[in-house]
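S.K.: The structure that follows is given in the form of structure tokens.
The values are calculated or read from the model by the stated rules, or taken from the named source; none is laboratory data. For clarity, every value in this text was computed on a predicted model and none was experimentally measured. Positions of Cβ are backbone-derived with ideal geometry, glycine not excepted, and every protein chain shown enters the neighbour counts.
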Amino acid sequence: MSAEIRDLTPKYVWNYFYDFTQIPRPTGHMEAVTHFVADFGKKQGLETLRDEVGNVLIRKPATPGKESCPTIILQSHLDMVPQKNHSVDHDFLTDPIDAYIDGEWVKARNTTLGADNGIGAALAMAVLSDTTLRHGPIEALFTVNEEVGMDGAFGLKPGFLKGRILINCDSEEEGQLFVGCAGGADVNITFRYKDNTGVPDGDVAVKLSLTGLKGGHSGVDIHLGRANANKLMARFLKDSVASCGVRLAAIDGGNLRNAIPREAFAIITLPRDNADILWETVSDYRELYRAEYAGIEDTLEFTAEKIDLPPTLIPEEIQDDLINAIEGCQNGVISMLSDFPGTVESSSNLAVVTSSSGLIEVKALVRSSSESRKASITSALESVFSLAGAKVEFGGSYNGWKPDAHSPILQLMRQTYLDLYGKEPSVKVMHAGLECGIIQGIYPDMDMISIGPDLQHPHSPSEKVHIRSVEKVWDFLRATLESVD
């Protein structure tokens, strides 16, 4: 399989991308991949720097005759989202990604592929190693830990970058020029309780499993109407508490703030006499959910199995407050942008709900192109969970990237795309968060744009990248660099 991917066109890009699939690089584990990139720069004989947070910067001088051209920064992030299906045996800290070709796409078996943003980093490395390309000075910035906290971008210091034109390679639609993105904020919620509530005599224990959802990127895919496993589980639990006398012992749904949760599990107890009613209710909800999400979630599964009794239960008042708050909190698309029809302005993703001894943690990610709306949504979530008795804290806030209709790099790249492909590219604002907004805060005079190939379903095991679109982006990037004067 490696030979097949390495033989794809453009060969340099796919070779570097395949190298990335072989290096474990989930967010927070950057040592191996940053060493790989820095070692690459040094082997190319290029100036290679690392800053305090681990970002790698490689500088390539201009080709003869292009020394007076402005410096172009190619920017991408090195980490990937580690998502797999619950039943898959894969360790993202040690195991390579099993990438393969499926028709027009490159995919991964049972895990995320890491084309977000491995393709962007591979494009930059291909530019750095290309001896046929005529270009001005180039800086390739490889940031770390973008997917959780955007630590690399936040850690940049003024003066580290010399260029004032930045091409971000982290967007996911070929033929689109992105000139803005949403900001975001984390909402971290905790319920604490004494873990000493016993199981009533005569109860039986059941494990509920909601699986088979598509999930996806909580920015790019939020408008697709996909199911949120945490919301569906809470909806069922609220009904079954009332109809079957269910008590909650443990809950576990989702694991990443920026991924739509695909799976949720709960351990419950209930009176033995109500077991048959519960089984019927599970069956009814399975069919209800399949009907509500027909054509969207075609592999949804909802099952129940008898298990051994748990040692303790979540106190009833905490259980009820948790379920009601999850049921009541905002989730999904909340508002749309009027200036960019079809683009989400604001959303909320109820990403994680998990319990351990005496503690329940809930995590949500709010995104918005409007700072005031972002504040309003986070406040609404705070109100719902505060009323439920939880502690609510905010973190990881970052501003959006404001569009500039008069951007010189936008005008140049629009014309370059038209000359190359005979049609105008679309100009869009992305609902997902890009590092551009943070970099803009550090370098306010930076002229920025974002491009990328067709990449579908990032942050999920269904992630795939379109082969031909990678070639088109490569040709477009080369033509752009050669057009800058």
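S.K.: Could you tell me how many of the residues in region 183-212 are more than 24 Å from VAL384 (Cα to Cα), among the acidic types (Asp, Glu) and crowded, with 16+ Cβ neighbours inside 10 Å?
M.R.: Final tally of qualifying residues: 1.
S.K.: Hey, another quick one. Taking the options THR48, THR34, name whichever one is among the polar types (S, T, N, Q) and part of a helix (DSSP H, G or I).
M.R.: On the way: THR48 fails: part of a helix (DSSP H, G or I).
That would be THR34, the only listed residue that is among the polar types (S, T, N, Q) and part of a helix (DSSP H, G or I).
S.K.: Is it the case that region 413-431 has a residue that's in contact with a His (Cβ under 7 Å, 6 or more places away or on another chain) and either touching a residue at least 12 places away in the same chain (Cβ under 8 Å) or closer than 28 Å to GLU371 by Cα (or both)? Step through it out loud before you land on a result.
M.R.: Here is the first cut: in region 413-431, the residues in contact with a His (Cβ under 7 Å, 6 or more places away or on another chain) are none.
No: zero hits.
S.K.: Based on this model, can you work out whether PRO271 counts as more than 21 Å from SER243 (Cβ to Cβ) and either surrounded by fewer than 19 Cβ atoms within 10 Å (Cβ to Cβ) or over 29 Å from the mean Cα position of the chain (by Cα) (or both)?
M.R.: Details: more than 21 Å from SER243 (Cβ to Cβ): no; either surrounded by fewer than 19 Cβ atoms within 10 Å (Cβ to Cβ) or over 29 Å from the mean Cα position of the chain (by Cα) (or both): yes.
So PRO271 does not fit the description; no.
S.K.: Quick one: in region 333-387, of everything that is assigned to a strand (DSSP E or B) and of a type in the set (Asp, Glu), which residue is nearest to the chain's Cα centre (by Cα)? Let's see the steps before the verdict.
M.R.: Taking region 333-387 as the starting set, the residues that turn out to be assigned to a strand (DSSP E or B) are 333-336, 344-356, 359-368.
After this cut, where a residue has to be of a type in the set (Asp, Glu) as well, the list is 345, 361.
Values: GLU345: 17, GLU361: 20 Å.
So, considering only residues that are assigned to a strand (DSSP E or B) and of a type in the set (Asp, Glu), the one nearest to the chain's Cα centre (by Cα) is GLU345.
S.K.: Restricting to region 430-485, give me the number of residues that are aromatic (Phe, Trp, Tyr) and at positive phi.
M.R.: Residues of region 430-485 that are aromatic (Phe, Trp, Tyr), as a first pass: 443, 474, 476.
In the following step, the residues that additionally are at positive phi were identified as none.
Selection size over region 430-485: 0.
S.K.: In region 76-119, how many are in a helix (DSSP H, G or I) and either closer than 20 Å to GLU4 by Cα or among the polar types (S, T, N, Q) (or both)?
M.R.: The first filter runs over region 76-119 and keeps only residues in a helix (DSSP H, G or I), leaving 115-119.
Next, from what is left, pick out any that are either closer than 20 Å to GLU4 by Cα or among the polar types (S, T, N, Q) (or both): 115, 117-119.
Qualifying residue count for the region: 4.
S.K.: Quick test of your reading of the structure: ALA325 fulfils all but one of (1) outside any helix (DSSP H, G or I); (2) closer than 21 Å to GLY253 by Cβ; (3) of a type in the set (Gly, Ala, Ser). Name the failing condition by number.
M.R.: The single condition ALA325 does not satisfy is (1).
S.K.: Report whether or not GLY180 is surrounded by 21 or more Cβ atoms within 10 Å (Cβ to Cβ), assigned to a loop (DSSP other than H, G, I, E, B) and in contact with a strand residue (DSSP E or B) (Cβ under 9 Å, 6 or more places away or on another chain). Steps first, answer last, please.
M.R.: On the way: surrounded by 21 or more Cβ atoms within 10 Å (Cβ to Cβ): yes; assigned to a loop (DSSP other than H, G, I, E, B): no; in contact with a strand residue (DSSP E or B) (Cβ under 9 Å, 6 or more places away or on another chain): yes.
Against the criterion (surrounded by 21 or more Cβ atoms within 10 Å (Cβ to Cβ), assigned to a loop (DSSP other than H, G, I, E, B) and in contact with a strand residue (DSSP E or B) (Cβ under 9 Å, 6 or more places away or on another chain)), GLY180 does not qualify.
S.K.: Here's a check for you: in region 66-89, which residue that is at pLDDT 95 or above and out of contact with any strand residue (DSSP E or B) (no Cβ under 8 Å at 6 or more places or on another chain) is surrounded by the most Cβ atoms within 10 Å (Cβ to Cβ)?
M.R.: CYS69
S.K.: Hey, any hits in region 137-152 for a residue that's at pLDDT 95 or above, crowded, with 24+ Cβ neighbours inside 10 Å, assigned by TED's automatic domain parsing to the domain that holds ILE267 and on the phi < 0 side of the Ramachandran plot?
M.R.: No, the conditions are met nowhere in region 137-152.
S.K.: Among the residues that make up region 196-213, is at least one of them touching a Lys or Arg at 6+ places or on another chain (Cβ under 9 Å), assigned by TED's automatic domain parsing to the domain that holds LYS464 and not hydroxyl-bearing (Ser, Thr, Tyr)?
M.R.: Within region 196-213, none of the residues are touching a Lys or Arg at 6+ places or on another chain (Cβ under 9 Å), assigned by TED's automatic domain parsing to the domain that holds LYS464 and not hydroxyl-bearing (Ser, Thr, Tyr).
S.K.: Being among the basic types (Lys, Arg) and more than 21 Å from the chain's Cα centre (by Cα) narrows it down to one residue among LYS107, LYS84, LYS42; which is it? Before you say what the answer is, go through the steps one by one.
M.R.: Details: LYS107 fails: more than 21 Å from the chain's Cα centre (by Cα); LYS84 fails: more than 21 Å from the chain's Cα centre (by Cα).
The match here is LYS42.
S.K.: Name the residues in region 322-336 that are over 16 Å from ILE377 (Cα atoms) and crowded, with 19+ Cβ neighbours inside 10 Å, would you?
M.R.: Scanning region 322-336 gives LEU322, ILE323.
S.K.: Which pairs do you get when a residue that is assigned by TED's automatic domain parsing to the domain that holds GLY253 and loosely packed, with under 13 Cβ neighbours inside 10 Å, found in region 284-306, comes within reach of a residue that is of a type in the set (Gly, Ala, Ser) and assigned to a helix (DSSP H, G or I), reach meaning Cβ atoms under 7 angstrom, with the pair 6+ apart or on two chains?
M.R.: Taking only residues 6 or more apart or on different chains, not a single pair turns up.
S.K.: Would it be correct to say that SER171 is part of a strand (DSSP E or B) and small (Gly, Ala, Ser)? Let's see the steps before the verdict.
M.R.: Values: part of a strand (DSSP E or B): no; small (Gly, Ala, Ser): yes.
Criteria not met by SER171.
S.K.: Within region 465-482, count every residue that is among the β-branched types (Val, Ile, Thr), in a helix (DSSP H, G or I) and either under 18 Å from ASP454 (Cα atoms) or in contact with a Phe, Trp or Tyr (Cβ under 8 Å, 6 or more places away or on another chain) (or both). Show your work before the answer.
M.R.: Of the residues in region 465-482, the ones among the β-branched types (Val, Ile, Thr) are 465, 467, 470, 473, 480.
Checking which are in a helix (DSSP H, G or I) leaves us with 467, 470, 473, 480.
So of that shortlist, the ones also either under 18 Å from ASP454 (Cα atoms) or in contact with a Phe, Trp or Tyr (Cβ under 8 Å, 6 or more places away or on another chain) (or both) come out as 467, 470, 473.
Residues meeting the conditions: 3.
S.K.: Condition first: within 17 Å of the chain's Cα centre (by Cα), buried (at least 17 other Cβ atoms within 10 Å of the Cβ) and among the hydrophobic types (A, V, I, L, M, F, W, C). Can you find one or more residues in region 461-470 that meet it? If you could, list the steps in order and put the result at the bottom.
M.R.: Taking region 461-470 first, the residues within 17 Å of the chain's Cα centre (by Cα) are 461-465.
Checking which are buried (at least 17 other Cβ atoms within 10 Å of the Cβ) leaves us with 461-465.
Of the ones still in play, those that are also among the hydrophobic types (A, V, I, L, M, F, W, C) are 465.
Scanning region 461-470 turns up at least one residue that is within 17 Å of the chain's Cα centre (by Cα), buried (at least 17 other Cβ atoms within 10 Å of the Cβ) and among the hydrophobic types (A, V, I, L, M, F, W, C).
S.K.: Still on this structure: Being polar (S, T, N, Q) and either surrounded by 24 or more Cβ atoms within 10 Å (Cβ to Cβ) or not in a helix (DSSP H, G or I) (or both) is the filter here; which residues of region 213-245 pass it? Even if it seems obvious, please write down each step before you answer.
M.R.: Initially, region 213-245 is screened for residues polar (S, T, N, Q), giving 218, 228, 230, 240, 243.
Correct list: SER218, ASN228, ASN230, SER240.
S.K.: Another question about this same structure. Just to be sure, is ARG109 over 18 Å from VAL470 (Cβ atoms), in contact with a helix residue (DSSP H, G or I) (Cβ under 6 Å, 6 or more places away or on another chain) and not β-branched (Val, Ile, Thr)? Write out each step before concluding.
M.R.: Values: over 18 Å from VAL470 (Cβ atoms): yes; in contact with a helix residue (DSSP H, G or I) (Cβ under 6 Å, 6 or more places away or on another chain): no; not β-branched (Val, Ile, Thr): yes.
No.
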